[in-house]
Amino acid sequence: MWHSSGTIQSTYKTPDDDEDEDVKIVRILNSASRGDIRLIKAYDASQLTVSNYDKRTALHIAVSNNQEHIVEYLLKECGLTEEVQKAEDRWKRTPLMVAKEKGRSKIFKIFLKYCPNVTNTENDEYKTFSLLMAGKNGDVETLKRLYDNGVSMNMQDYDGRTALHLAVDEWNEDAMQYLIYTCNCNRHLQDRYGHTADDTLTRDTNRLERFEENHKEKEEHITEEKHSCEENEMEDLQNEKGKPRGTFMNRQISRTKSRPLKHFTPKIKQQVAPPQVTDRSNLYLLFEAAAIGDVETIKKSDYPYFDVGDYIKNTPLHIAAAAGHLNVVKYLVEDCNVSPFIRDNGMKRPVDVVVEQVRLLSTCKGTDENLKQRVLITGVRNYFINKMENIRKSTEKVG
C-alpha cells in the first residue's frame, strides 16, 4: 500500500510478540508448506517445533511438499536435527520416514548432509526390504541411493532372493541394467528353491537379446552425448585460446576410455544404536522370524497384519511352511486366523509351496539333513491337508 510519504509500504507482516498461539501455528505451518522462508525466519528456532492437530510439524510439512530450502534452513540454521527422527505425527511417521519415500531424494540428501546419524539409522533388515522393493518396482532412484550409501546390492532376504531376482522376474529393464552393469550384481546367487536371476534372464533368448541390444544402444547414446559435449567444450577452448582441435580431442577421448569402471566397495559395518522400528522394518522382522521358526518373536510383534504379503505376495505363512516350521504354521493359522487358502502372486497357496518343496527335496541327494527337512515339511503338508479339509467340511455344514 502507499505510505503518506509517497513510498510503497510492504503488506508483509512480521509476527507480534503477543501473537495468538493458534495463529502462530497456522502461519508457521502454512509458510513451511508454501516455502515462505521470509516468514519462517521471522520466528525463533524454538517456536518452529509447533505442530497441528495431526501432530505434524513445520519439518514434516516442508518435507512432504519438497520445500528443500525450508528443510535446509530448519536443519542447518535452526538446529532441528533431532526432529528428523523423533518428531512423530498422528500416524507415528517421522520426517525421515517421509523423506525416504519415492520422489524425495533431494530432501533425503539434505538429511544426510546435516544429520550425521541418519546414514546409520537403517538396519540390515530395513535396507534389504528397501533394496528388494526397489528391484521389484523398478525404482532406480532408490537403488542409486542405496548403492551410493555403500549398501551391498547382493543382499538376500529370508528366501535367498536378491533385488536382481525380483527386477528380472518383473522385467524392469532400467533396474536390471543398473544392477547388472553399474552395481555388478551376482546373477548366479540361488534363492531357497535353487533359482538364480540368470535362470530367468536366459529363459527367453529373444527377450534377452532385446535387453542386451537396448543396453548397447543406451551406452552408445551416452557415449555420443559425451563426445558431443567434449566437442563443444573443445570448440569453446579453441575460440578462446586458439588450441588445435584434433590433438586435444584425441587426448580427451583417450582419457575417457582409460577411466576405470566403477566398482562397489562395501563400507565397514559399524555398531550403532538400534533404529526406530517402522512398519516396513517390523514387517521384514516378521518374515525373518517365520523363516527361522522363531514363533516367540512373532508373538511379540506389534505388527498386526499377519496375512500381509511381501514383494511377491508371499505371506509369513508361505515362508514358515516352505521352511518346515510347523509351530509357526499352527500359530499363524490357529491363533492369528491366517487363512491357509491365501495365495501369492503365482496363485499358490502355502500347501502348494510345501508340495513343491517336497518335490525339490526328493530330487536332491539323500543326506541326513535332507531327510530331516523332508520329514518336517511333510508334517506341514499333512497339517495343511487336514486343516483345509476340516474348513471345507465346516463350510459345507453351514451352507
For Val328: the one exception among (1) under 23 Å from Glu296 (Cβ atoms); (2) in a helix (DSSP H, G or I); (3) modelled with pLDDT under 85; (4) not small (Gly, Ala, Ser): (3)
Hey, Asp199 at pLDDT 90 or above, more than 19 Å from Leu131 (Cα to Cα) and either outside the structural domain of Arg359 (by TED's automatic domain parsing) or charged (D, E, K, R) (or both) or not: yes
Hits in the stretch 148-175 (condition: in a helix (DSSP H, G or I) and surrounded by fewer than 23 Cβ atoms within 10 Å (Cβ to Cβ)): Asp148, Asp169, Glu170, Glu173, Asp174
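Residue by residue, here is whether (1) on the phi > 0 side of the Ramachandran plot; (2) touching an Asp or Glu at 6+ places or on another chain (Cβ under 9 Å); (3) touching a residue at least 24 places away in the same chain (Cβ under 8 Å) holds:
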| position | (1), (2), (3) |
| --- | --- |
| Asp139 | no, no, yes |
| Arg145 | no, no, yes |
| Asp148 | no, no, no |
| Asp157 | no, yes, yes |
| Trp171 | yes, no, yes |
| Tyr181 | no, yes, yes |
Options Leu96, Leu75; residue that is closer than 22 Å to Val140 by Cα and buried (at least 16 other Cβ atoms within 10 Å of the Cβ): Leu96
Number of positions in the stretch 83-111 that are of a type in the set (Gly, Ala, Ser), within 20 Å of Ser51 (Cα to Cα) and within 15 Å of the chain's Cα centre (by Cα): 1
Matching option when the condition is over 32 Å from the mean Cα position of the chain (by Cα) and surrounded by fewer than 15 Cβ atoms within 10 Å (Cβ to Cβ), among Gly346, Gly379: Gly379
Criterion: in contact (Cβ under 8 Å) with a residue 24 or more places away in the chain, farther than 15 Å from Gly135 by Cα and either in a helix (DSSP H, G or I) or not assigned by TED's automatic domain parsing to the domain that holds Asn137 (or both) - qualifying residue of Arg207, Arg192: Arg207
Meets criteria (of a type outside the set (Lys, Arg), outside any loop (DSSP other than H, G, I, E, B), within 13 Å of the chain's Cα centre (by Cα) and within 30 Å of Ala32 (Cα to Cα)) for Thr142: yes
Hits in the stretch 176-189 - residues which are of a type in the set (A, V, I, L, M) and part of a helix (DSSP H, G or I): Met176, Leu179, Ile180
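Every residue, every condition in (1) buried (at least 19 other Cβ atoms within 10 Å of the Cβ); (2) farther than 23 Å from His165 by Cα; (3) modelled with pLDDT under 85, yes or no:
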residue	(1), (2), (3)
Gly309	no, no, yes
Pro340	no, yes, no
Glu369	no, yes, yes
Asn390	no, yes, no
Residue, farthest from Lys113 (Cα to Cα), within the stretch 58-86, restricted to residues that are of a type in the set (Asp, Glu) and touching a residue at least 24 places away in the same chain (Cβ under 8 Å): Glu83
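Among the residues that make up the stretch 44-56, is at least one of them within 20 Å of Leu112 (Cα to Cα) and crowded, with 20+ Cβ neighbours inside 10 Å?
No - not one qualifying residue is present in the stretch 44-56.
The values are calculated or read from the model by the stated rules, or taken from the named source; none is laboratory data. Since the model is a prediction, treat every value here as computed from it, not as a measurement. Positions of Cβ are generated from backbone atoms using ideal geometry, with glycine treated the same way; all protein chains shown enter the neighbour counts.
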